[in-house]
Structures are given as C-alpha cells and as structure tokens.
Amino acid sequence: MSKYEKILIVLLFGSLWGALELFGRDLFRAMGMPQKSALLFGLGIIILYASKRLVHFPGSVVIMALIAGLFKIASANFYPCQFAAVMINGIVFDTAYSTFKGRLDRSPIYRTIAAPVIVYVSYAMFAFIAAYVLRQEPWASTGWAGIRSFLLSDAVSASLISIVTIHLGYYLGNAVQPDALLRRLRMPTVALGIVSVVLVAAIWIAGQIY
C-alpha cells in the first residue's frame, strides 16, 4: 500500500469518526436513547479497529482523533469536553493496539478482555480531565462522586457494547482490505482513490451545512 493510500484511509476513517460523533449524538438524543456516550464509544471502536487492520503505524488513530476533533470544531455544535473525549479515546486505543497488536489480532478472547480495559482507561481519563482540568459542569461540581457514578454506569454500558463491537471492527477491517476489495469490485486503484476523496469531501460539506 502506498503512502498516499495510507493517508487517504486515515483521512477517510477520521472523517467518518467525526461524522459519527457529530451526527450520532444528536440522532441518539432525538431518539431519546440513554447512555449516548456508551453507544458512540462502542460504534467508534468499529471504526478504530477497522482502520488499524487496514493501516497500522503508531499514532494513526491519534491522527484520526485529531481529524475527528477538527471535524467537530468546524461544526456549529462544538464542545471542548467532546473534543477531549475523542482525543483520549484515540490515544488509549492507539496505545493499546500498538502494544498488544499480535495478541489482539490473533485472539478473540484477548479482544474481549481488552475492550472493557480500553473503555475504563478512556472513561476514567476523560472524567478526571473534565472535572479537574477543563472544569466542565456538572463534572467540576460533582468531583469524585460524579466520576465514580460515571464509571459505574456509562462505563459499564460502554464495556458491554464494546465487547461486541471490537470484534465487528476486526472483521470489518479484514473484509475491506483494499486489494481484495478492488478485485471484488473490479475497480482500478485510482477509481477507489477518487471515490474515497469524494466521500471525505461529502462528509466535511455535510458537517459544515449541519
């Protein structure tokens, strides 16, 4: 895979992650669904793991997190704590995958164990930063009590969801390997590149309009 293709994949998946965070949160809110952050985290794991199966180099998901964060900053619905959450998720997942890549890719059991660990590290870091660094409400006023409640409610839900979605991300990444996908679609490499660029542009235009 060329450097251009790797950059394009990271840009595409980062944009998809940003769109999920922007549109998904409001969609779940409109549907009256509880535990929105748990659902978004679980669905985000699919994108993150699939991207690593396609393009793995240390920091690739951190770059995706920056892209997703910029996507949210560029929209009219930007909140600093949401940007922090995306960055923390990206850093924790990237670190976990880069450290345990072989075991995660080989073993479904290892992925099942890793999912809640990734969730709890990400959630604990986010809650602490929201409460004591960003001083966001209601985190700042509830302090440790709010963090503990968050870890005993939303983090539990996110863990259960992510135990399923981490496997979906693994299999999705395997299914959309560029070479195999091009053969199935009978599409030249340049055409896939053009389609990817168009998708990225469409996602960002949609975010601006939204």
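Calculated mean residue ellipticity, 222 nm, the chain: -28000 deg cm²/dmol, from DSSP H runs (n ≥ 4) at -39500 (n - 2.57) each, averaged per residue and rounded to 500.
Highest GNM mean-square fluctuation among 49, 120, 132, for the chain modelled with Cα contacts below 10 Å: 132.
Put a dot 7 Å past the Cα of residue 27, heading toward its Cβ, do the same for residue 4, and the two dots end up 3.2 nm apart. Cα axis of helix 3-19 to longest principal axis of the chain: angle in degrees, 0 to 90, nearest 10? It works out to around 40 degrees.
Largest mean-square fluctuation among 155, 145, 38, in a Gaussian network model of the chain whose springs join Cα atoms under 10 Å apart, belongs to 145.
Using the average count of surrounding beta-carbon atoms within 10 Å as a protection proxy, the listed peptides 200-210, 166-176 rank, highest first, as 166-176, 200-210.
Paramagnetic label reach from residue 110 (point 7 Å along Cα→Cβ; backbone nitrogen cut-off under 17 Å): within region 7-50, residues 49-50.
When you have a sec, figure out the Kirkwood radius of the chain from all distinct Cα pair distances and drop it here in Å to one decimal? By the Kirkwood definition, the hydrodynamic radius is 17.7 Å.
Cross-link partners for residue 6 among the lysines, with Cα-Cα distance under 20 Å and sequence neighbours closer than 8 places in the same chain left out: 52, 101. Determine the shape class of region 96-158: with a ≥ b ≥ c the square roots of the Cα gyration tensor eigenvalues, call it rounded for a/c under 1.5, and otherwise prolate if a/b is greater than b/c, oblate otherwise. Verdict is prolate for region 96-158.
Between residue 137 and residue 74, the modelled labels are 3.2 nm apart [label points 7 Å from Cα along Cα→Cβ]. Taking a point 7 Å out from the Cα of residue 197 in the direction of its Cβ, none of the residues of region 48-63 has a backbone N less than 17 Å from it. With K and R counted +1 and D and E -1, the other residues having a Cβ less than 13 Å from that of residue 87 yield a net charge of -1. Residues 36, 72 in ascending order of nearby Cβ atoms (within 10 Å, fewest first): 36, 72.
None of the figures in this text is laboratory data; all of them are computed from the coordinates on show. The model shown is predicted, which means the values in this text are computed figures rather than measured ones. All Cβ positions, even for glycine, are placed from backbone atoms using ideal geometry, and neighbour counts span all protein chains on display.
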